[in-house]
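Report on one structure; see the data block that follows.
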Amino acid sequence: MMLNMMAVISSYLNLVLASANLASMNEQEYVFSRMSGVTRYLYENLPSYDIAGYATFILVFLLSAFVYKLGFAKKLSIGQNIVIYAFLLIGCLILTFLALFLPMVEGLIVAALILIVYKSRLWREKREEAKAARQA
């Protein structure tokens with residue numbers, strides 16, 4: 001009787017697991033359809049979800065640090081820079097969770113491109129002003 005009951009429970013668990021696999025495939029497709037572009041690409045093409053999560057975090061942190069450096073950084077001491085980048089690292093943990101379903105990476109790429117254009121124009125204007133000052 002005990003073996004019979006174990007067989008019933010085992011077959012029931014197999015049925016539950018089989019239906020869970022079907023449900024998880026539908027859930028997985030649903031989640032992938034809701035993800036933003038870069039994050040979806042990482043999660044679909046990297047070997048595991050853990051690696052994709054770390055890659056998303058690293059990408060968000062590097063882009064955030066690049067945008068900070070281009071747009072907001074001032075000359076600070078090394079200790080102050082360490083504190084700023086430590087808080088940036090903590091903030092990027094939150095941004096990584098937002099990056100799963102919101103276009104955070106894409107927004108950081110656009111912000112970096114805008115700041116690159118701004119800095120290149122600023123550099124060119126300063127160079128032209130210095131050239132005009134030397135000629136005068």
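The values are calculated or read from the model by the stated rules, or taken from the named source; none is laboratory data. Note that this is a predicted model, so its numbers are computed, not measured. Glycine gets a Cβ as well: all are built from the backbone with ideal geometry, and neighbour counts include every protein chain shown.
Descriptive notes on the structure:
- Identity of the residue in region 24-37, more than 9 Å from L100 (Cα to Cα) and in contact (Cβ under 8 Å) with a residue 12 or more places away in the chain, that ends up nearest to the chain's Cα centre (by Cα): G37
- Within region 55-73, the set of residues being aromatic (F, W, Y) and modelled with pLDDT of 90 or more comprises F57, F61, F66, Y68.
- Scanning region 86-136 for residues that are small (G, A, S), assigned to a helix (DSSP H, G or I) and exposed (fewer than 13 other Cβ atoms within 10 Å of the Cβ) gives A86, S120, A130, A132, A133.
- Taking every residue in region 78-94 that is closer than 16 Å to V67 by Cα and pairing it with any residue that is not aromatic (F, W, Y), at least 6 positions away or on another chain, the pairs with Cβ-Cβ distances below 8 Å are I84/L76; Y85/A65; L88/S64; L88/A65; G91/S64; C92/V60; C92/S64.
- Residue within region 54-64 that is surrounded by 10 or more Cβ atoms within 10 Å (Cβ to Cβ), touching a Ser or Thr at 6+ places or on another chain (Cβ under 9 Å), assigned to a helix (DSSP H, G or I) and among the polar types (S, T, N, Q) present: yes
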